[in-house]
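What follows is calculated from the coordinates using simple rules that are stated; it is not laboratory data. Just so you know, these numbers come straight off a predicted model, no measurement behind them. Note that we place each Cβ from the backbone using ideal geometry, even for glycine, and neighbour counts take in every protein chain shown.
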Amino acid sequence: MLRSQTGCDPAAADARRTVGADRFVTESGATYAGRHLIADFWGAASLADTDAIRTAIRDAARAAGATILHLHLHRFGTGQGVSGIAVLAESHISVHTWPERGYAAFDAFLCGDTDANAALAELERHLRPTRKDVQVLRRGSHPGNGSSA
């Protein structure tokens, strides 16, 4: 697991990054299905606003180079949180918000030739957290030798 305050590790920009026909990524000698960002936003804005969350997720997917197949959001009531998921051709982006705490939990699993950093940057641009914690997982890699299972 990679852990970063800013998003993906520098290897994401590696010019030696290739994407196979099965959409698995190979970079720096490791092959894996995709990057899974787990982002906690604190002090974020618009967390009870379904339209703002929808726009943030759409823009994040577009910036990442991903294709939205379906986007569903649910608001729990006036002033309450929003939960939802965007099913992507390249996996998913999900969200759960707690506006009363200024907190949002995002998951963005992006496979193939997508840019997880760009997705994270768009979510930040829209929701303007004062603090964030981001973990990055390489999903689908074999723990012994870095190749796919």
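Students often check this: by mean Cβ neighbours within 10 Å, which of 80-86, 30-36, 64-70 ranks highest, and how do the rest follow?
Highest to lowest by the protection proxy: 30-36, 80-86, 64-70.
Could you sort the peptides 102-111, 125-134 by per-residue average Cβ neighbour count (10 Å cutoff), highest mean leading?
102-111, 125-134
Taking 0.36 nm per intervening residue step and subtracting the Cα-Cα distance, what contour gain separates THR50 from TRP98 on full extension?
16.0 nm
Taking N as the number of residues in the range 27-149, what value does Rg over Cα atoms divided by 2.2 N^0.38 Å take?
Cα Rg divided by the expected 2.2 N^0.38 Å: 1.08.
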